[in-house]
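Let me begin by presenting the structure, written as structure tokens, before commenting on it.
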Amino acid sequence: MKVLIQRVKQASVVVEGQTIGAIDQGLLALVGVERDDSDAAVEKMLHKLLHYRVFSDADGKMNLNLQQVNGGLLLVSQFTLAAETRKGLRPGFSSAAAPAEGERLFNQLVTSAQSAWPNVATGQFGADMQVALVNDGPVTFLLES
């Protein structure tokens, strides 16, 4: 599982002209599910998302996590993160999970996140989404399970 996180001042997801998910300060997490991912990978990634220290403390150092700043978590499925890009000029998707398994694991991540943290929003799996954000920093990290 690959998750690209961006520390944001705000972020939102629009599908067919309707805002379906939005947060203020927090993390936008673009989630790519890979072929060999498992339920254990989902739980490991959720722990990272809630505890990864990317927010500044009083001294300006990245020592605080999402929970410590009471931030929002916006989860957006993005299968293109699983693309093979090392060779050629066109991405390959053989390492991405099959759509049904990708959706199952993404939905498991969403459900687990919503059980663990009250401020979770989401996009819509498989939809054509427009994602807007104000990146804070900018601060962006690629997390892998």
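Figure the gain on full extension for Leu143 and Ile20 (residue separation times 0.36 nm, minus the Cα-Cα span) and round it to one decimal in nm.
Residue separation times 0.36 nm, minus the Cα-Cα distance, leaves 41.8 nm.
Mean separation of Cα pairs under 8 Å and 6+ residues apart, divided by the residue count of the chain: what relative contact order is that in percent?
39
For a distance above 13 Å, tell me the whole-number percent of Cα pairs in the range 75-128 that qualify.
63
Identify the residues of the range 1-39 with backbone N under 13 Å of a label point that sits 7 angstrom from the Cα of Ala98 along the Cα-to-Cβ direction, or state none.
35-36
Quick one: angle between helix 39-51 and the longest Cα principal axis of the chain, in degrees between 0 and 90, rounded to 10, please.
Computed tilt is about 30 degrees.
Can you give the longest stretch of the chain with no exposed loop site, where a site means trypsin sites (Lys or Arg not before Pro) in a DSSP loop (not H, G, I, E or B) with at most 14 other C-beta atoms within 10 Å?
Formally, the longest exposed-site-free interval is 88-145.
Using only Cα atoms and rounding to the nearest 10 degrees, what angle (0 to 90) does helix 99-116 make with the longest principal axis of the chain?
It works out to around 20 degrees.
Excluding same-chain residues fewer than 8 positions from Lys48, which aspartates and glutamates have a Cα within less than 15 Å of its Cα?
Partners within reach: Asp39, Glu144.
If you take every residue apart from Leu74 with its C-beta less than 15 Å away from the C-beta of Leu74, what net charge results, scoring Lys and Arg +1 and Asp and Glu -1?
Around Leu74, the charge tally is 0.
Sequence neighbours fewer than 8 away in the same chain don't count; with that in mind, list the lysines whose C-alpha is under 22 Å from Lys44.
Filter leaves Lys2.
Per the Cauchy relation, a quarter of the hull surface: what is the mean projected area of the convex hull of the alpha carbons in the chain, in nm²?
Hull-based average projected area comes out at 8.9 nm².
What's the magnitude of the charge dipole for the range 2-136 around its Cα centre, counting Lys and Arg as +1 and Asp and Glu as -1 at the beta-carbon? Answer in Debye, nearest 20.
That gives the range 2-136 a dipole magnitude of about 380 debye.
No value in this document is a laboratory result; all are computed from the given coordinates. For clarity, every value in this text was computed on a predicted model and none was experimentally measured. Ideal geometry is used to build each Cβ from the backbone, glycine not excepted, and the neighbour counts take in all protein chains shown.
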